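Below: one structure, written as structure tokens.
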Amino acid sequence: MATSLSLTEVAALKAEISSAKKTSMNSVRRLLTLMRETQRKDAQLVSTHGDAFLKSSAIKPVPDEERFLIYEQVAIAACECGDVEVADRCVSRLESRFPGSIRAGRLRGMVEEASGDIDGARATYAKLLQEHPSSQMVLKRMVAIERTAGDLQSAIKALNHFLNHYMADADGWAELADLYLEAGMHKQAAFCLEELILIQPHTFCHHLRLGETLLSYATNLEEKIVAYKHLCTACELCAGAHPRVLWSLLACVSSMASKKAGASSSGRGGATAAMEEIDVNVARLASKQLKKLYAKADPDLAATAQAAVLDMLGDIPDCLDD
Amino acid sequence: MAAASTTGASSSSALSNSLTLDPAIRTWVLVPISLAMFLIGVIRHHASRLLATGPRKVELKAVRESQAVMRASRLRMNHAWISREASFRMRRAFFNDKKEGVLQQKVKNNNPQAQMMSDPSMMQDMMMKNMSMIIPQSLTFMWVSFFFSGFVMAKAPFPLTQKFRVMLQRGIDISGSLDVTYVSSLSWYFMNMFGMRGLFTLTLGEGNAIDDTALMQQQMEQAGAGMDKANAFVMERENLELIEARDGMVYEKAEERAAKVLKRALRAR
């Protein structure tokens, strides 16, 4: 409850700050605090107003701890939206206050990244790693920097190095799955997604993405069934409330049906016959649920969605809701 | 001294309710003790900041070992969510393989004590921390008991039971006859010592918030360093060995459950 309350407050403050001509520094400070707590992001807003706040006289009474947190927050936001000058100013302050701090060093690297000096940033991070070889923050930056440079293979290599040591890090596995999918290496991506499921077994997104990934490289019915089971689990975990889960489920059923004809002719009919009943059932329910969701959220799209479902399940008329 | 401070306490406990305290005691005893304690707290805070060494360096290998234990225990707990038997076997081999397995590797057994013997800087750190706690505290205690012992210096505005006598009237000898609500100077010192934490968090902030991620990371590593890795390795290895790999335990009836959930969602308005 507390988080949803502070989220509404964030929204209110954002509206107030971006609409008013002369913003009150108190609400800027409150907004920055709330955004740090709820981990919301709005780089441009934080960068401009945070910088103004740091320059104004309102920063004087702020205690040291909070002030330097604000410096860091504004520096990161400024890096994200390319205000290199602002970021540089903030980081310089932090560096002079915390000489030799690894956290400030990483920010310096991020400023260099933002200004386009990839090689300089790489050197900065390498130097930090020499002193603190196990710094999680810097190791993650090493991955990010390769991704920024567009070098997918190096990014994968750097992330593998990271995960070889920090092997219980969920975000790392999620990022690696993304990278592998981008590189078209679906099997490896599936491994990462399985790892994510081991870490957070009740998160439906992981099951959804694993199901989709498995489906996209499945060549035989067995593999498709595995994908299908994961999609069913995703559907169960999200209580059928997410259209993407339902669409994927339908796509999977339709793909299974198109293979099924081939499979039963090659004599694997026994296992599939048992499945058939349920497939049809789940698919029919899923298409019904989709229809309901669209009717509720966007009636204009409902007809298009219905046509798409028809197109998908045209081969298996039993699935269609009559 | 006690006699001078308890003016009017000549008669028995019947009169003790009307005991008046000299206002000079408030200005020269009560306030100075509190003030001194507060200032010493502030000085100690800044001193400990100066003395604090940076975050301890953690070797990558140590990170890998503690994270491997974590990952292995997750595999043990959640293996039923992996749909394919092969995936599970592959992971178990990663941990348990006779030659290459992560959990088969030798670990430097670093229980905290052995680590301390080998790393004098750790011992020094701890000594520093303890010293910066103990020295000021014993000094103030001596100071208070030497100069201010025997004062009755405050009165609690509410009635108290006899049990509080030990707590509130330490260091004065007229105990039996004095009302419990009167507080002696030594007790006031103790109350200040334990009660000032809230004031410090208000004025000095919570710890040093500025490098708290480093602190957190350090704590995480220490949690890893604290456990006996060699033992943990053997235990996780055996636990994984005991698991019977099967295809998709969770997934046997996945479609039926999905259908049930969908039906429920359709029924809901």
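Observations, loosely collected:
- Only one entry in B:ARG74, B:ARG26, B:ARG44, B:ARG64 is at pLDDT 80 or above, open to solvent by less than 80 Å² (accessible area, probe 1.4 Å) and either away from chain A (no Cβ under 14 Å) or in contact with a Cys (Cβ under 6 Å, 6 or more places away or on another chain) (or both), namely B:ARG44.
- Contact map, region A:202-226: residues that are in contact (Cβ under 8 Å) with a residue 40 or more places away in the chain paired with residues that are of a type in the set (Gly, Ala, Ser) and outside any loop (DSSP other than H, G, I, E, B), Cβ distance under 6 Å, separation 6+ or inter-chain. Pairs shown: A:PHE204/A:ALA234; A:LEU208/A:ALA234; A:GLY211/A:ALA227; A:LEU215/A:ALA227; A:LEU221/A:ALA263.
- Being closer than 19 Å to B:PHE94 by Cα, open to solvent by 40 Å² or more (accessible area, probe 1.4 Å) and not assigned by TED's automatic domain parsing to the domain that holds A:ARG106 holds for only one residue in A:LYS140, A:LYS187, and it is A:LYS187.
- When region A:49-83 is filtered for residues that are open to solvent by 40 Å² or more (accessible area, probe 1.4 Å) and either more than 19 Å from A:ARG108 (Cα to Cα) or of a type in the set (D, E, K, R) (or both), the ones remaining, listed by number, are A:HIS49, A:ALA52, A:LYS55, A:SER57, A:LYS60, A:PRO61, A:PRO63, A:ASP64, A:ARG67, A:GLU80, A:ASP83.
- Some residue of region A:12-28 being modelled with pLDDT of 85 or more and more than 28 Å from A:ASP117 (Cβ to Cβ): yes
- Selected residue [within 12 Å of chain B (Cβ to nearest Cβ), under 18 Å from A:TYR71 (Cα atoms), of a type in the set (Gly, Ala, Ser) and part of a helix (DSSP H, G or I)] from A:GLY109, A:GLY105: A:GLY105
- Per-region count, region A:27-68, residues within 14 Å of chain B (Cβ to nearest Cβ) and more than 21 Å from A:CYS79 (Cα to Cα): 5
The values are calculated or read from the model by the stated rules, or taken from the named source; none is laboratory data. Just so you know, these numbers come straight off a predicted model, no measurement behind them. We place every Cβ from the backbone using ideal geometry, glycine too, and count neighbours over all the protein chains shown. Note: accessible area is taken over every heavy atom of the protein model, side chains too, but ligands, DNA and RNA are not part of it. Shrake-Rupley method; radii C 1.70, N 1.55, O 1.52, S 1.80 Å.
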